[in-house]
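Input: a single structure, listed below in structure tokens.
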Amino acid sequence: MRPIQLFQLAATQARWLSVRQDVVAGNVANVNTPGYKAMDVEPFSSLLDRMNEGNQTMAADSAMHLVSDDPNDAVKTEPVRDGVTIKPSGNSVDLPQELIKQGDIRSQFELNTGLVKSFHQMMMMTVKS
Amino acid sequence: MSDPLQAAMKVAASGLDAQSTRLRIVSENMANAQSTGATPGSDPYRRKVVDFSSVLDRQTGATEVSVERIATDPSDFTTVYDPSNPAADAKGMVKMPNVNMITEMADMREANRSYEANLQTIKQARDLVSMTIDLLRS
């Protein structure tokens, strides 16, 4: 049986959420930029799957290519494909959609930090007499 | 390794900057809606428009926004009959700026909306940071 690595899991999700917030900020800032394509990050589950395979870093075409060891770069970003309406200027950012995403990020982050807090308290309960 | 939340705030700040430039241009257009030329038959004020473009910040790898250039609207001027105006030509016609107040109003509202969205992003990033710091308390 593998131990539950809650702190590591929580840290990974927090990092994923931060990167997602960064991507959403980019979309919101570029809401009036002609030709800009809205971006989003990969689902957390796919990042988790890759981590469980022990492949955390970016993929490289060749072993000679340099890959970044920045853990933030491990989260892949890709253009949003489904349900986008492209405006006449070629811009595909949907402002309400981005605000909904921000709400999602917020509630997930709250849950994340709350869980870490309570887990930490549980650990402290066992350590302290 | 850069902090994505800090990058998010920087990106949103670039958005605020771009939208406030846009608002400045809108107010310039509105203020000059009646600015005719000085000499007979000369061109009046020409409406300005902002052009946005996305730029990659190499330090954080985030896509920021910037005002690429401030262009002028090439559409035709309207003419009104006003022989007493110094800018009137031989027939008494004066060229008026190609500024449409309704268009400017709509532009202003949209700049306002985008500004608010960027502000919301900054608030959110700040709250996420403070939630993380709150882990150290209690």
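Compared with the dominant Cα axis of chain B, that is its longest principal axis, helix B:4-31 is turned about 10°. Straight-line cross-link partners of A:Lys101 among the lysines, defined as a Cα under 26 Å from its Cα and at least 8 positions apart when in the same chain: A:Lys37, A:Lys76, A:Lys87, A:Lys117, B:Lys10, B:Lys123. If you filter region B:33-138 for trypsin sites (Lys or Arg not before Pro), then keep DSSP loop positions with at most 15 other Cβ within 10 Å, what is left? Qualifying residues, ordered by number: B:Arg58, B:Lys91, B:Arg137. Each Lys and Arg Cβ is given +1 and each Asp and Glu Cβ -1; about its Cα centre, region B:3-137 then shows a dipole of about 160 debye.
Surface composition of chain B: carbon plus sulfur atoms contribute 53% of the solvent-accessible area (1.4 Å probe, protein chains only, all chains present). Computed from Cα atoms, the angle from the helix B:101-134 axis to the main principal axis of chain B rounds to 10 degrees. Ordering A:Ser18, A:Met125, A:Leu47 by Cα displacement along the dipole of region A:14-128 toward the positive end leaves A:Met125 in first place; charges were set at the Cβ atoms of Lys, Arg (+1) and Asp, Glu (-1). As a ratio to 2.2 N^0.38 Å, the alpha-carbon radius of gyration computed for region B:3-137 takes the value 1.52. Here the accessible area of region A:14-128 is 58 percent carbon and sulfur, with a 1.4 angstrom probe and all protein chains present.
The values are calculated or read from the model by the stated rules, or taken from the named source; none is laboratory data. A quick note: this is a predicted structure, and the numbers were derived from the prediction, not measured. For neighbour counting, all protein chains shown are included, and Cβ atoms are generated from backbone atoms with ideal geometry for every residue, glycine included. Heads up: the accessible areas ignore ligands, DNA and RNA and are worked out on the full protein's heavy atoms, side chains in. Shrake-Rupley method; radii C 1.70, N 1.55, O 1.52, S 1.80 Å.
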